[in-house]
Amino acid sequence: MTKYYMDRYLSNQTFYRIQSQSIIDNPDQRIVDDLSSFTGTALSFSLTLFNAVIDLISFSNILFGIYPPLFVVLLVYSIGGTAISVYLGRGLVSLNFLQEKKEADFRYGLVRVRENAESIAFYSGEENEMQLLLQRFKSAFENLSKLLISSRNLEFFTNGYRYLIQILPVAVVAPMFFSGKIEFGVINQSVSAFNHILGDFSLIVYQFQAISAFSAVIDRLGEFDDVLDNSNFERRSDPSEGIHLIYCNVESLAELDSNGSISLDNKQQKLVYIENLTVQTPSSTTLVRDLSLLINNNEHLLVTGPSGSGKTSLLRAMSGLWSTGKGEIKFYVKDGEEDHQPSISSGVAPLKVDTANDKYGELGRPSSRNYKGIFFLPQRPYMVLGTLRQQLLYPTWADDAISTSESTKPTGSLPFLMQAPNLENTSENPSKPTTEDLIQALEDVRLGYILARFSSLDTSYEWSSVLSLGEQQRLAFARLLLSKPKLVLLDESTSALDEANEAHLYQQIEKAGITYISVGHRRTLYDFHKKNLHISTVDPNSADRNWQIKSINKDTSYNLSNL
Ligand SMILES: Nc1ncnc2c1ncn2[C@@H]1O[C@H](COP(=O)(O)OP(=O)(O)OP(=O)(O)O)[C@@H](O)[C@H]1O
């Protein structure tokens, strides 16, 4: 179940949407704790139920044989008891639900302190953190108090219910003994049978607290399940709306051009074609209006504009993270075999569009973007937990040697847990770099010295703490150089670097033949780009487009007719 939930959580960028739109709280707690409680409790309830049924069949016979009305009284008593305990414990389900949420919130607060330790220490924000954490703890504690009060009331009733009736079998059967109808041993026999059957009939009363906790777990898992299902469903529905991403085959394009008797030089090949693209936030605020733009191979584009105008959002749309808005983005990045995926978008007629718009496509987006030749470098580089080698291989390859040696070997037969992620060398995935390649990549981004500092590529550290932000940004460029994509989207990815290092990194990726689209504010960035897309803050009262494209070399304005 854990694998099944993680699969759905990590597919189609569901984890991103859950987090960025705050759809549900603490998905991690649901995967770890709720799944564990669900499976554990479901198993123990099944066994209890099975036991009760066997018990009931065996002892009903005995009690029925001694005095049948006792059996009927027991049935009525337990039905009444169940009704009262359901009434008394009606609040327990929601209190248990809230308890899980509040404890998970508290734990997440502590995790955030650990992750942002340096920033908090710089701010000397300990007092505030303490306040915030105590608030979360207090909220969990108050809820626990309510839960305890409710449980106490229920427990009073359950104990009264359990002991009050003990006198009944003796009171009924003893006169029968004195009148000589039964032997003495039958009194004990009837008390024992009575208690067994009472226990079986009172399953709900006795297990009420566990059942309410179980219902809360089911509610939380059910909610999570719905979100995961909806997320997959939304991605497949309504193909007429939203931003369409289309991946076209480069070879098909070349064929088309040669048919037209114009042989295009590789450098002038189309790489990205954006057509009438309107980008909106998930809350439907328009950020970029009606953008049309062509980017050829090696025609590096710089996206500029005031803060908050939507530069990063344009990259989000190009990466398929945001699909609110309309228009089409075509990437001419694939040169492998056609996948024969059904084309949903109309596409460019003569071209075979292999994986149609990702929003609705069958292939999972995130894993497919890299092998389609597109790479994204965010402003704050992401450092995975693991070794330096794993940092460098991320996200294109997995480091098998490390992952198997580090994991405790499963003793049972759980082959599904050992399933390697889909990061093997494929025709689209470049072959896995050797240790020499990794060292060379570090040298290329002027990070060779960290090898000596950390002794080898296979030592694990908390990399986001031990490397400076600039070093992390350079490490991210090393990943990029190793993956050799056709296109990279750089979101202020050199913002923490000095100008010399920035120029060096841009030269390296230019040398590697990678076309880049950068977002940035620095004047120095203009030197490395050929076109500039300037996005201005959208005016809600006007329907005019809020962008302008200029050639950086000649400083002449482009418009669609130039394309
Ligand atoms: N998940 C979201 N939901 C709604 N609005 C959002 C969301 N994320 C960002 N925004 C808003 O979208 C607008 C554009 O954000 P974006 O990050 O694209 O700006 P930007 O131009 O890259 O800014 P900067 O230069 O400061 O990085 C901002 O006003 C931001 O507040």
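The values are calculated or read from the model by the stated rules, or taken from the named source; none is laboratory data. This structure is a prediction, so every number in the text was calculated from the model and none was measured. Glycine also receives a Cβ, built like all others from the backbone with ideal geometry; neighbour counts cover every protein chain displayed.
In this structure, Thr524 does satisfy being of a type in the set (Ser, Thr, Tyr) and either touching a Cys at 6+ places or on another chain (Cβ under 7 Å) or away from the ligand (no atom under 16 Å from the Cβ) (or both). In this structure, does Ile197 turn out to be touching a Leu at 6+ places or on another chain (Cβ under 8 Å), farther than 30 Å from Ser78 by Cα and modelled with pLDDT of 85 or more? The answer is no for Ile197.
The single condition from (1) among the small types (Gly, Ala, Ser); (2) modelled with pLDDT under 65; (3) within 29 Å of Asn541 (Cβ to Cβ) that Gly310 fails is (2). When the residues of segment 316-356 are filtered to those that are modelled with pLDDT under 55 and at positive phi, which remaining residue is farthest from the ligand (Cβ to nearest atom)? Among those that are modelled with pLDDT under 55 and at positive phi, it is His340. Tell me which residues, restricted to segment 156-169, are of a type outside the set (S, T, N, Q) and loosely packed, with under 15 Cβ neighbours inside 10 Å. If the condition is that a residue be of a type outside the set (S, T, N, Q) and loosely packed, with under 15 Cβ neighbours inside 10 Å, then Phe156, Gly160, Tyr163, Leu164, Ile167 are the ones that fit.
Just one of the listed residues (Leu253, Leu287) is touching a Leu at 6+ places or on another chain (Cβ under 9 Å) and at pLDDT 90 or above, namely Leu287. Take the conditions assigned to a helix (DSSP H, G or I) and at pLDDT 90 or above and apply them to Val172. Does it pass? When the stated conditions are applied, Val172 does not pass them.
Say we look at segment 18-28 and pick out the residues that are part of a helix (DSSP H, G or I) and buried (at least 18 other Cβ atoms within 10 Å of the Cβ); which of these is nearest to the ligand (Cβ to nearest atom)?
It comes out as Ile18.
Cβ-Cβ distances below 9 Å connect the following pairs, each with a first residue in segment 289-315 that is closer than 20 Å to Gly325 by Cβ and within 16 Å of the ligand (Cβ to nearest atom), a second residue that is basic (Lys, Arg) and part of a loop (DSSP other than H, G, I, E, B), and a separation of six or more residues or different chains: Arg289/Arg545; Leu291/Arg545; Leu301/Lys530. Of all residues in segment 489-510, those satisfying the criterion of being part of a helix (DSSP H, G or I) and either among the β-branched types (Val, Ile, Thr) or free of Cβ contacts under 8 Å to residues at least 24 places away in the same chain (or both) are Ala500, Glu502, Tyr506, Gln507, Ile509.
Checking each residue in segment 408-465 for being at pLDDT 85 or above and at positive phi picks out only Arg446.
Might you check whether a residue that is farther than 21 Å from Leu315 by Cβ, part of a loop (DSSP other than H, G, I, E, B), in contact with a strand residue (DSSP E or B) (Cβ under 8 Å, 6 or more places away or on another chain) and of a type in the set (Ser, Thr, Tyr) occurs anywhere in segment 538-550? Spell out how you get there, then give the answer.
Taking segment 538-550 and keeping what is farther than 21 Å from Leu315 by Cβ, we get 539-544.
Retained after the next criterion (residues that are part of a loop (DSSP other than H, G, I, E, B)): 539-544.
Cutting the leftovers down to in contact with a strand residue (DSSP E or B) (Cβ under 8 Å, 6 or more places away or on another chain) gives us 540, 543-544.
The next check asks that each one be of a type in the set (Ser, Thr, Tyr); those that pass are none.
No: zero hits.
Residues checked against (1) loosely packed, with under 13 Cβ neighbours inside 10 Å; (2) under 28 Å from the mean Cα position of the chain (by Cα); (3) within 16 Å of the ligand (Cβ to nearest atom):
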| position | (1), (2), (3) |
| --- | --- |
| Asp458 | no, yes, no |
| Leu490 | no, yes, yes |
| Ala503 | no, no, no |
| Gln507 | yes, no, no |
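Would segment 530-542 turn up any residue that is hydrophobic (A, V, I, L, M, F, W, C), within 19 Å of Tyr394 (Cβ to Cβ) and within 16 Å of the ligand (Cβ to nearest atom)? Checked segment 530-542: no residue is hydrophobic (A, V, I, L, M, F, W, C), within 19 Å of Tyr394 (Cβ to Cβ) and within 16 Å of the ligand (Cβ to nearest atom).
Matching residues to (1) surrounded by 15 or more Cβ atoms within 10 Å (Cβ to Cβ); (2) part of a loop (DSSP other than H, G, I, E, B); (3) of a type in the set (Gly, Ala, Ser); (4) without any contact (Cβ under 8 Å) to a residue 40 or more places away in the chain:
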| site | (1), (2), (3), (4) |
| --- | --- |
| Phe15 | yes, no, no, yes |
| Asp33 | yes, no, no, no |
| Gly40 | no, no, yes, yes |
| Ala52 | yes, no, yes, no |
| Gly65 | no, no, yes, yes |
| Gly80 | no, no, yes, yes |
| Arg112 | no, no, no, yes |
